[in-house]
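Heads up: the structure comes next, in structure tokens.
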């Protein structure tokens with residue numbers, strides 16, 4: 001059977017590319033974004049009572065990988081990218097139906113130009129991600145204390161120390177009014193060590209790049225548990 005769905009909203013997110021998005025929601029607390037609801041789903045009636053919940057389940061579409069198809073076996077990054085598991089035993093994007101599920105913090109519900117906007121925290125979603133459903137998180141039912149987590153029973157470590165050189169600190173100070181949490185966001189993202197698993201095992205002087213909001217951030221792992229941010233460059237400034 002085939003079922004048709006429509007997006008009820010679109011995510012505005014600091015993550016502008018797949019690289020550096022945390023593996024799971026809630027790992028980067030300072031990652032805040034907004035669900036911009038479609039006009040037909042913006043009536044206050046849709047959200048009556050929603051503000052009594054602290055967290056939401058979001059169902060969304062892996063819109064950037066949907067055209068790449070699906071795979072029965074995938075290589076979870078948590079296992080170093082070496083072992084294969086069935087796709088239904090993972091949260092891989094390469095699924096028969098390209099649907100994802102995330103739990104996020106509900107921060108606020110407000111309106112702009114007739115459209116409902118839901119501010120959320122702790123997200124792990126790419127900018128422009130289509131949202132197909134929203135449900136309240138129920139602690140008594142969804143927070144199962146004695147559940148088993150298989151190969152991902154505990155959160156990944158985040159013990160990497162992050163340093164900013166004087167040039168990057170100057171740029172962060174310059175944009176502090178517009179992006180007050182940018183340094184915290186960069187730090188929390190890099191503490192997750194977004195490098196591919198196979199590159200973490202080998203010493204390298206490689207400089208990595210990632211985009212958060214409208215900034216290109218270049219960084220390098222200096223030692224096993226230390227990374228330095230070399231550059232924070234405004235994309236808007238480069239284009240003018």
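The values are calculated or read from the model by the stated rules, or taken from the named source; none is laboratory data. Because the structure is predicted, anything quoted here is derived from the model rather than measured. Every residue, glycine as well, gets a Cβ built from its backbone with ideal geometry; the counts of neighbours run over all protein chains shown.
Please verify whether the stretch 123-131 includes one or more residues that are touching a helix residue (DSSP H, G or I) at 6+ places or on another chain (Cβ under 8 Å), under 14 Å from residue 56 (Cα atoms), at pLDDT 95 or above and in the same structural domain as residue 25 (by TED's automatic domain parsing).
Filtering the stretch 123-131 down to residues touching a helix residue (DSSP H, G or I) at 6+ places or on another chain (Cβ under 8 Å) leaves none.
For the stretch 123-131, residues touching a helix residue (DSSP H, G or I) at 6+ places or on another chain (Cβ under 8 Å), under 14 Å from residue 56 (Cα atoms), at pLDDT 95 or above and in the same structural domain as residue 25 (by TED's automatic domain parsing): absent.
Any residue that is free of Cβ contacts under 8 Å to residues at least 60 places away in the same chain, under 22 Å from residue 25 (Cα atoms) and either outside any strand (DSSP E or B) or in contact with a strand residue (DSSP E or B) (Cβ under 7 Å, 6 or more places away or on another chain) (or both) - is there at least one of those in the stretch 37-50? So far as the stretch 37-50 goes, no, none of its residues is free of Cβ contacts under 8 Å to residues at least 60 places away in the same chain, under 22 Å from residue 25 (Cα atoms) and either outside any strand (DSSP E or B) or in contact with a strand residue (DSSP E or B) (Cβ under 7 Å, 6 or more places away or on another chain) (or both). Of the helices (runs of 4 or more DSSP H) lying entirely inside the stretch 137-203, the ones with 3 or more residues being modelled with pLDDT of 85 or more, within 22 Å of the chain's Cα centre (by Cα) and crowded, with 17+ Cβ neighbours inside 10 Å are found at 182-191.
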